[in-house]
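Working notes for the structure below.
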Amino acid sequence: MRVVVLRYGHRVDRDKRISTHVGLVARAFGAEGMYIYGERDPSLVRSLAHVNRTWGGSFWVSWIDDYAAEIENWKQGGGKLVHLTMYGQDIQSVIGQIRAEESVMVFVGSSKVPRDVYRLADYNVAVGHQPHSEVAALAVFLDRLFEGQELMKRFNGALLTILPSKDGKIVIKAQGKESV
Ligand code: SAM
């Protein structure tokens, strides 16, 4: 299944850290890339590119100027739009249906999400009906979508790989050196 994220409304001064975390969660939990609609922020792209270089994979970030056109384009190609919102349907009641789709764009907000997104969405999905965070909502959504399998994902080309450890930090370097 193809999964991409659309991060709506990035503001450089207020959202730098949260948008970076949205990208980190998207990457680590199985999405292939992230569209961002909002103020251009080269430092965000650099941070995520650095994570790719160090920890592998090919997660991409792409700035967009017209979120509605991007969504329409995705839907024209047969993809579905999932909008994460506390006002949506319970995740537990729709996740099975979403899992059966071939490709999904997951829309998360920062500033107020415009009304048209609720209409464009094939699924408005709530991760509980309390306000929390786009980072938490995305993590829970992707984990339920992939049923935990995303945590087993291997990232190609990593400079560093962690060996699970009960009581320390074990990191394998690509050059074959091991550091503890
Ligand atoms: N004030 C904004 C608005 O009115 O649209 C929402 C701010 S909220 C911190 C940012 C994003 O987190 C939302 O757009 C939504 O994508 C996500 N979010 C927060 N709580 C959620 C929930 N309970 N279920 C699903 N998504 C949630």
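Tabulated data for the structure shown
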| quantity | calculated |
| --- | --- |
| Of residues in the stretch 41-61 being more than 16 Å from Arg2 (Cα to Cα) and of a type in the set (Ser, Thr, Tyr), the one farthest from the ligand (Cβ to nearest atom) | Thr54 |
| Matching residues, the stretch 84-99, being surrounded by 14 or more Cβ atoms within 10 Å (Cβ to Cβ) and without any contact (Cβ under 8 Å) to a residue 40 or more places away in the chain | Gly88, Gln89, Val94 |
| Residues located in the stretch 17-57, provided they are under 22 Å from Pro114 (Cβ atoms) and among the basic types (Lys, Arg) | Arg40 |
| Qualifying residue in the stretch 88-96 (condition: on the phi > 0 side of the Ramachandran plot and of a type outside the set (Gly, Ala, Ser)) | no |
| Criterion violated by Val51 - all others in (1) more than 24 Å from Leu151 (Cα to Cα); (2) surrounded by 14 or more Cβ atoms within 10 Å (Cβ to Cβ); (3) touching a residue at least 24 places away in the same chain (Cβ under 8 Å) satisfied | (1) |
| Output for the stretch 7-48, where each listed residue is of a type outside the set (Asp, Glu) and in a loop (DSSP other than H, G, I, E, B) | Arg11, Phe29, Gly30, Ala31, Arg40 |
| Every residue from the stretch 71-119 that is touching a helix residue (DSSP H, G or I) at 6+ places or on another chain (Cβ under 8 Å), of a type in the set (Gly, Ala, Ser) and within 20 Å of Phe146 (Cβ to Cβ) | Ser103 |
| Wholly within the stretch 64-180, helices (runs of 4 or more DSSP H) carrying at least 1 residues that are within 11 Å of the ligand (Cβ to nearest atom) and at pLDDT 95 or above | 91-99, 115-120, 134-146 |
| Residue within the stretch 61-70 that is touching a residue at least 40 places away in the same chain (Cβ under 8 Å), surrounded by 14 or more Cβ atoms within 10 Å (Cβ to Cβ) and not aliphatic (A, V, I, L, M) present | yes |
| Matching option when the condition is of a type in the set (Val, Ile, Thr) and open to solvent by 20 Å² or more (accessible area, probe 1.4 Å), among Val104, Val108, Val127, Val117 | Val127 |
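The values are calculated or read from the model by the stated rules, or taken from the named source; none is laboratory data. It should be emphasised that the depicted structure is a prediction, and the values quoted were computed from it without experimental measurement. Counting neighbours? That spans all protein chains shown, and the Cβs are built from the backbone with ideal geometry, glycine included. For accessibility, only protein heavy atoms count, side chains too; no ligands or nucleic acids. Shrake-Rupley method; radii C 1.70, N 1.55, O 1.52, S 1.80 Å.
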